[in-house]
Amino acid sequence: MNAPRPGHGYDEVMTPSGQPLLTARGVSKHFGGVVALDDVSLDVFGGEVHALMGENGAGKSTLGKVLAGALPPTAARLTIDGKPVSIRNPLDAQRLGVTIIFQELDLFAHLSIAENIAIGNLRYQERFAVSYRAMAQFARPALSRVGLSELSPHTPVHSLSVAQQQLVAIARALSMNARVIVFDESTSALTDEAVERLFAVIDQLRRDGVACLYVTHKMDEVFRICDRITVLRDGRYVGTRPAKQTDMAELVRMMIGHDVRSDAHAAACATDRPLLSINNLRTAGLRDVSLQVAAGEVVGLAGLVGAGRGEVGRALFGLDPILGGQMTLKGQPYRPHTPRQAMKRGVALLPRDRKAEGLMMQMSVRENASIAVLDSLNNLGWIRRRREAQQTDHVGRQTRLKAAAPQAVVSSLSGGNQQKVLIGRWLLREADLYFLDDPTRGVDIGAKEDIYAIIEDLARRGKAVLMVSSELPELLRCCDRVVVLNEGRVAADFDARRTTQEQVLTHATSAAAGHARPQAG
Ligand SMILES: Nc1ncnc2c1ncn2[C@@H]1O[C@H](COP(=O)(O)OP(=O)(O)OP(=O)(O)O)[C@@H](O)[C@H]1O
Ligand SMILES: [Mg+2]
């Protein structure tokens, strides 16, 4: 499927030359007093993967939504194939061949995969009558392209994992045979394997002459799959560079206006006071895990998907039953059965799946940020409101949250800033042991540094931190030690300052871990 349709004239176009497929000029978008986009221009060519980068709140999603008709712009002049067009709603966009895969997925949870793909899809409506069989038939080719062919198209979407839902959203966009596809942080919830598959799909789209506008915070992705990169800052256009003629340092300067120290390493604050000790722990997802974390120490958990990194957090937080082994916390036996018990003992968990964890989208930033500390706030009257305000301001400052006001509803924040509210919510909780599952996912490069500083601050205050990250350099940057898990066992325990990515990867991927347990560093 998706053979190049005749009449495009882009069959041979691999690099931008000739006429852009889509041009945008003078795009502005105001939300009340908030200027999300201010006179932005952009050209996208057929057969190019065009990255859109910028800090959280820079306006990337807003631009994507305007192009796909999901948000009416305050001002915009658009052309497709050189002809002026007006895109007032998603149907206009679909007719013109523009579609978006949203950062916050917009699937109907209670409908099936096939229904989600077929409903509202003009290509489906033009060709088929509404029947479940026809929908499934229509959905199948796109599902197989994203690697979901083993799933029945009749599966309800709410029973899928976040990663699978992301793939369904991508399949839906592919099934529209769009000529311009906006990917808004599409890999943030995907496993490495699914990311590879998505990149293969994007490569094929490029060869078919499709224009991909690819929003991401991940530098490695940009240099791997993108041809050109456009940077926005504070709603304004900063510049466009061919990927081959730029580098990370230049892009960072364009995004945040100054350099970041990429060779920095967290200060060593580890004490010799053991805070957490895990001995031969066994749960549904862990076969035999032993590790120690001292007060003031930051320990990273590395490993492949399924190696058991998140499961350590689940056991610590009373979410998974403990089937064997012992834990000791601050010198006392520790065996939590519920998150409430874990929290009482001074354990905090920043979960990986922040969506399920539930921001209340229609409540304010302030209310959302203070939820985790409500029990510690006086529940009545002005004392509570004042404390709430102080707490939120503190979190906002620590994470450099960009919101119009603490009273702003969370749904009006950019995706990365929503993440910051959640992270802040957990950091507000005064705990002794913090388990952080991918704390910088979806946040921009400047805010990452802020979060590193927060982690360092926790360590300096004598807290113990266990963290999981999808990015190895980040673990080596933030941690004192890196414990590598492999199939539910500890495969290695490294001093982060004297370890390379290759060493970690070798132990993460080698078979038969747990039989040999090298202790390095
Ligand atoms: N519905 C809305 N109401 C008010 N303000 C909004 C709304 N949607 C977006 N904004 C504001 O517009 C600005 C740009 O947001 P946008 O979502 O485009 O950022 P982004 O570049 O995608 O950031 P991120 O990397 O965090 O996803 C932000 O300041 C955001 O708070
Ligand atoms: Mg966004």
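The values are calculated or read from the model by the stated rules, or taken from the named source; none is laboratory data. In this text the structure is predicted, and so the values were computed from the model without any measurement. Please note: Cβ atoms are built from the backbone with ideal geometry, for glycine as well, and neighbour counts cover all protein chains shown.
Looking only at residues that are within 21 Å of Phe102 (Cα to Cα) and surrounded by fewer than 23 Cβ atoms within 10 Å (Cβ to Cβ) in segment 385-421, which one is modelled with the lowest pLDDT?
Filtering segment 385-421 for residues that are within 21 Å of Phe102 (Cα to Cα) and surrounded by fewer than 23 Cβ atoms within 10 Å (Cβ to Cβ), the one modelled with the lowest pLDDT comes out as Lys402.
Matching residues to (1) within 15 Å of ligand 2 (Cβ to nearest atom); (2) more than 28 Å from Val252 (Cβ to Cβ):
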{"position": "Gln407", "(1), (2)": "no, yes"}
{"position": "Ser414", "(1), (2)": "yes, no"}
{"position": "Gln419", "(1), (2)": "yes, no"}
{"position": "Leu433", "(1), (2)": "no, yes"}
{"position": "Pro439", "(1), (2)": "no, no"}
{"position": "Gly442", "(1), (2)": "yes, no"}
{"position": "Arg461", "(1), (2)": "no, yes"}
{"position": "Leu476", "(1), (2)": "no, no"}
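Could you list all residues from segment 169-217 that are in a loop (DSSP other than H, G, I, E, B) and more than 16 Å from ligand 2 (Cβ to nearest atom)?
Met176, Asn177, Ala178, Arg179, Leu190, Thr191, Asp208, Gly209, Val210, listed by residue number.
If the requirement is being within 16 Å of ligand 1 (Cβ to nearest atom), β-branched (Val, Ile, Thr) and buried (at least 17 other Cβ atoms within 10 Å of the Cβ), which of these qualifies: Ile87, Ile80, Ile101? Let's see the steps before the verdict.
Working: Ile87 fails: within 16 Å of ligand 1 (Cβ to nearest atom); Ile80 fails: within 16 Å of ligand 1 (Cβ to nearest atom).
After ruling out the rest, the residue left standing is Ile101.
Given the structure, is Gln94 outside the structural domain of Asn121 (by TED's automatic domain parsing) and surrounded by fewer than 22 Cβ atoms within 10 Å (Cβ to Cβ)?
Values: outside the structural domain of Asn121 (by TED's automatic domain parsing): no; surrounded by fewer than 22 Cβ atoms within 10 Å (Cβ to Cβ): yes.
Spelling it out, it is not the case that Gln94 is outside the structural domain of Asn121 (by TED's automatic domain parsing) and surrounded by fewer than 22 Cβ atoms within 10 Å (Cβ to Cβ).
Here's the yes/no breakdown for (1) aliphatic (A, V, I, L, M); (2) over 22 Å from Pro153 (Cα atoms); (3) touching a helix residue (DSSP H, G or I) at 6+ places or on another chain (Cβ under 7 Å); (4) surrounded by 17 or more Cβ atoms within 10 Å (Cβ to Cβ):
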residue: Asp220; (1), (2), (3), (4): no, yes, no, no
residue: Tyr237; (1), (2), (3), (4): no, yes, no, yes
residue: Glu250; (1), (2), (3), (4): no, yes, no, no
residue: Met254; (1), (2), (3), (4): yes, yes, no, yes
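Please work out if Val130 is more than 16 Å from ligand 1 (Cβ to nearest atom) and touching a Cys at 6+ places or on another chain (Cβ under 6 Å). Lay out the reasoning, then the answer.
Working: more than 16 Å from ligand 1 (Cβ to nearest atom): yes; touching a Cys at 6+ places or on another chain (Cβ under 6 Å): no.
Answer is no for this residue.
Report, ordered by the first and then the second residue, all pairs with beta carbons closer than 9 Å, sequence separation of six or more or different chains, a first member in segment 48-63 that is closer than 14 Å to Ser186 by Cα, and a second member that is within 8 Å of ligand 2 (Cβ to nearest atom) and assigned to a strand (DSSP E or B).
Note: pairs meeting the criteria are Ala51/Val215; Leu52/Asp184; Leu52/Val215; Met53/Val215; Lys60/Asp184; Lys60/Val215; Ser61/Asp184; Ser61/Val215.
Could you check, for segment 285-301, whether at least one of its residues is touching a strand residue (DSSP E or B) at 6+ places or on another chain (Cβ under 7 Å), farther than 20 Å from Ala348 by Cβ and at pLDDT below 95?
No.
Name the one entry in Ser149, Ser186 that is of a type in the set (Ser, Thr, Tyr) and under 23 Å from Ala93 (Cα atoms).
Ser186
Given the residues Val27, Val66, Val34, Val40, which is the only one that is under 30 Å from Asp450 (Cβ atoms), surrounded by fewer than 19 Cβ atoms within 10 Å (Cβ to Cβ), within 16 Å of ligand 1 (Cβ to nearest atom) and hydrophobic (A, V, I, L, M, F, W, C)? Write out each step before concluding.
On the way: Val27 fails: surrounded by fewer than 19 Cβ atoms within 10 Å (Cβ to Cβ); Val66 fails: surrounded by fewer than 19 Cβ atoms within 10 Å (Cβ to Cβ); Val40 fails: surrounded by fewer than 19 Cβ atoms within 10 Å (Cβ to Cβ).
Being under 30 Å from Asp450 (Cβ atoms), surrounded by fewer than 19 Cβ atoms within 10 Å (Cβ to Cβ), within 16 Å of ligand 1 (Cβ to nearest atom) and hydrophobic (A, V, I, L, M, F, W, C) holds for just one of Val27, Val66, Val34, Val40, which is Val34.
Considering each of Ala136, Ala169, Ala142 in turn, give the residue that is small (Gly, Ala, Ser), within 28 Å of Gly416 (Cβ to Cβ) and either modelled with pLDDT of 90 or more or exposed (fewer than 14 other Cβ atoms within 10 Å of the Cβ) (or both).
Answer to the check: Ala169.
Please verify whether Leu466 is closer than 15 Å to Leu350 by Cα, in a strand (DSSP E or B) and not assigned by TED's automatic domain parsing to the domain that holds Arg397, treating the condition exactly as stated. Let's see the steps before the verdict.
Details: closer than 15 Å to Leu350 by Cα: yes; in a strand (DSSP E or B): yes; not assigned by TED's automatic domain parsing to the domain that holds Arg397: yes.
Yes.
Look through Gly303, Gly308, Gly296 and report the one residue that is surrounded by 23 or more Cβ atoms within 10 Å (Cβ to Cβ), in contact with a helix residue (DSSP H, G or I) (Cβ under 9 Å, 6 or more places away or on another chain) and at positive phi.
Gly303
Confirm whether Leu174 is under 23 Å from Glu115 (Cβ atoms), modelled with pLDDT under 95, away from ligand 1 (no atom under 16 Å from the Cβ) and surrounded by 20 or more Cβ atoms within 10 Å (Cβ to Cβ).
Yes; evaluated as a whole, the condition is true for this residue.
Please go through segment 427-441 and give me each residue that is crowded, with 24+ Cβ neighbours inside 10 Å and assigned to a loop (DSSP other than H, G, I, E, B), ordered by number.
Pro439, Thr440
Pairs please, first residue from segment 307-320 and over 17 Å from Asn279 (Cβ atoms), second anywhere and of a type in the set (Lys, Arg) and not in a helix (DSSP H, G or I), Cβ atoms under 7 Å, 6+ apart in sequence or on different chains.
Sorted first by the residue in segment 307-320, then by its partner, the pairs are Gly310/Arg352.
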